[in-house]
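The values are calculated or read from the model by the stated rules, or taken from the named source; none is laboratory data. Source: prediction; values computed, not measured. Please note: Cβ atoms are built from the backbone with ideal geometry, for glycine as well, and neighbour counts cover all protein chains shown.
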Amino acid sequence: MQTQAHSTKSVLRHVVLFSFTPATTPDQVHTFEEAFANLPSQIPEILDFEWGTDVSVENAARGYTHCFLVTFRDEAGRDLYLPHPAHQRFVEQIGPHLAQVLVLDYQSR
């Protein structure tokens, strides 16, 4: 059931899951969390951003520990974000520390 407070306008959600290598220290993980969380202040196409770590009791995370949800108005916003220099710097910094990455984009309904 949709309420008046929710718009019927679809947005593009960019879901990113990470698991880190065993060699990655907690301080490094914290640095990467902050770096990802700082991207919205550098990339105007990001409408909304949230993240968290796995707290599920279902034991189905398959090693992923971090989930980041980035919202864009549309695919064009995402397409500007992906090659953006701030995003590319982040990808270069974090890349060697990732054991797994899963990215899924969807149009909200």
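Quick notes on this structure:
- Selection status of Arg73, in contact with an Asp or Glu (Cβ under 8 Å, 6 or more places away or on another chain), surrounded by fewer than 16 Cβ atoms within 10 Å (Cβ to Cβ) and not aromatic (Phe, Trp, Tyr): yes
- Residue pairs meeting the criteria (Cβ under 9 Å; at least 6 apart or on separate chains; first more than 12 Å from Phe90 (Cα to Cα), in the stretch 28-52; second among the charged types (D, E, K, R) and assigned to a helix (DSSP H, G or I)): Glu45/Arg78; Glu45/Asp79; Trp51/Glu33
- Condition check for Leu80: modelled with pLDDT of 95 or more, under 11 Å from His14 (Cβ atoms) and aliphatic (A, V, I, L, M): no
- Test: residue in the stretch 5-17 that is of a type in the set (A, V, I, L, M, F, W, C), exposed (fewer than 14 other Cβ atoms within 10 Å of the Cβ) and not in a strand (DSSP E or B): yes
- Residue list for the stretch 22-78, filter: over 18 Å from Ala99 (Cα atoms) and of a type in the set (Lys, Arg): Arg73, Arg78
- Here Ala61, Ala99 are screened, and the one residue that is surrounded by 14 or more Cβ atoms within 10 Å (Cβ to Cβ), under 22 Å from Thr25 (Cβ atoms) and without any contact (Cβ under 8 Å) to a residue 40 or more places away in the chain is Ala61.
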